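The values are calculated or read from the model by the stated rules, or taken from the named source; none is laboratory data. Given the structure is predicted, the values throughout are model-derived calculations rather than measurements. All Cβ positions, even for glycine, are placed from backbone atoms using ideal geometry, and neighbour counts span all protein chains on display.
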Amino acid sequence: MPPPGWYDDPEQPFMWRYWDGASWSDHRSQKWTPPVRDPKSFSAWFERSFACVKVALRRVGLLLLALWVVASLLTFLAGVVLLTSTDGRELRDLLGFGAGFGTSVTLTDSQADRALDLFGDLFVAAIPWIIVGVVVYALVSAWSWAIVARITAHHLVGSNPDGEQFPAIRDESSGEIAGASLRRVPAVIGSWLVFGLVFFGVAVIAALPIVLVVALDIGTAATVLTVLFVIGGSIALGVWLWGRLLLALVIAAIGGHGVGVRRSWELTSDRFWYVVGRVIVAFLIAGIFGQAVNLVTNFGFFLDVVVLLAISLVLQTAVSVISTIIQVSAMVVVLDQLDALDRPDDVDGLHRRQLDQR
């Protein structure tokens, strides 16, 4: 006879029943297996992304803030220099900025012409600042993307010891991550350039039939239909390419696959909506912070233009840091999930660990 204990109930297979060593007792218990959530589900992605955002804010939030402050100070300095120059002061007085930014004024024809001339002179004077600013913002943005991507990947490695998605960064410290991220800046910028060239090519291809139809003068109705068809097709093609190549940005930031275009194309094959749906949610959440900044700056129009510029840049700096962390963290988690789809053994191991924790 088997020893006393809980066994499968011979009368109700979905129940446990206690065997007292001689006979079945009346004590029964419901069989229940703790549900295991699919680590590739949307809820798992959201939860892990949120955890990665908190880790990135805690570990590199101040570093990213310092990087973006440098870029914002450059913008603020350029704005102050231009607005306090002779042309800038004249334009401010002409537009009534001395009475508060946004104060409505009525200009005569000669004043309007003078304002346009001043705008043109200030724009020419701003060209060197614009060039330097574009370079600085590109470097800061690329380094920020690389830092957040690597920190997020580092966290995912630590929370999933069986995973080998990012083996090169398994044992990196925060300082090593920052240094390695700096070396990834050219790859990130290269990935952005490839991304931009692809969409520039789509725009050129879309423009060719439109120019041809207009040149042939085949009629208004045919021209309108052709333009609508080409624009609709170009938008659809652009969205599809965006979804297929989007992960190249974080792949380049982490390293191991060049600018990441080929790897992104491979991972997103037959998984377009899987990627796009999650990334759009992350971008929408990040966009909320930008809208909040717009609401705050709208209430500052009564301030002097220099003060308003300073407030706007401070808020935009914070938004840039938070938005970068949200977007990049979400995309790295998507990358991790797509890698897991090709490695079912790792997923089974994760299931087992979840059951052991329960």
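Just one of the listed residues (Val259, Val227) is surrounded by 15 or more Cβ atoms within 10 Å (Cβ to Cβ) and outside any loop (DSSP other than H, G, I, E, B), and it is Val227. Ala207 meets each of the listed conditions (1) modelled with pLDDT of 90 or more; (2) aliphatic (A, V, I, L, M); (3) out of contact with any helix residue (DSSP H, G or I) (no Cβ under 8 Å at 6 or more places or on another chain) apart from (1).
Of the residues making up segment 315-355, those that are modelled with pLDDT of 60 or more and out of contact with any helix residue (DSSP H, G or I) (no Cβ under 7 Å at 6 or more places or on another chain) are Ala318, Asp339, Leu341. Run Asp26 past the list (1) surrounded by fewer than 16 Cβ atoms within 10 Å (Cβ to Cβ); (2) farther than 30 Å from Phe119 by Cα; (3) in contact (Cβ under 8 Å) with a residue 40 or more places away in the chain and report the number of the one that doesn't hold. Just one mismatch for Asp26, condition (3).
Tell me the residue from Ala221, Ala178 that is over 26 Å from Ile322 (Cα atoms) and either of a type in the set (Gly, Ala, Ser) or not assigned by TED's automatic domain parsing to the domain that holds Val55 (or both), please.
Step by step, each of Ala221, Ala178 is checked, and only Ala221 is over 26 Å from Ile322 (Cα atoms) and either of a type in the set (Gly, Ala, Ser) or not assigned by TED's automatic domain parsing to the domain that holds Val55 (or both).
Yes or no: segment 261-281 includes at least one residue that is under 20 Å from the mean Cα position of the chain (by Cα), assigned by TED's automatic domain parsing to the domain that holds Leu62, modelled with pLDDT of 75 or more and among the small types (Gly, Ala, Ser). Yes; the residues of segment 261-281 include at least one that is under 20 Å from the mean Cα position of the chain (by Cα), assigned by TED's automatic domain parsing to the domain that holds Leu62, modelled with pLDDT of 75 or more and among the small types (Gly, Ala, Ser). Across segment 148-167, the number of residues qualifying as out of contact with any Lys or Arg (no Cβ under 9 Å at 6 or more places or on another chain) and at pLDDT 80 or above comes to 3.
Between residues in segment 191-218 that are within 16 Å of Val230 (Cβ to Cβ) and residues that are among the aromatic types (Phe, Trp, Tyr), which pairs lie under 9 Å by C-beta distance while being six or more apart or on different chains? Cβ pairs passing all conditions: Phe199/Trp242; Pro209/Phe229.
Touching a residue at least 60 places away in the same chain (Cβ under 8 Å), touching a Phe, Trp or Tyr at 6+ places or on another chain (Cβ under 9 Å) and among the hydrophobic types (A, V, I, L, M, F, W, C): which single residue out of Ala187, Ala178 fits that description? Residue meeting the stated conditions: Ala178.
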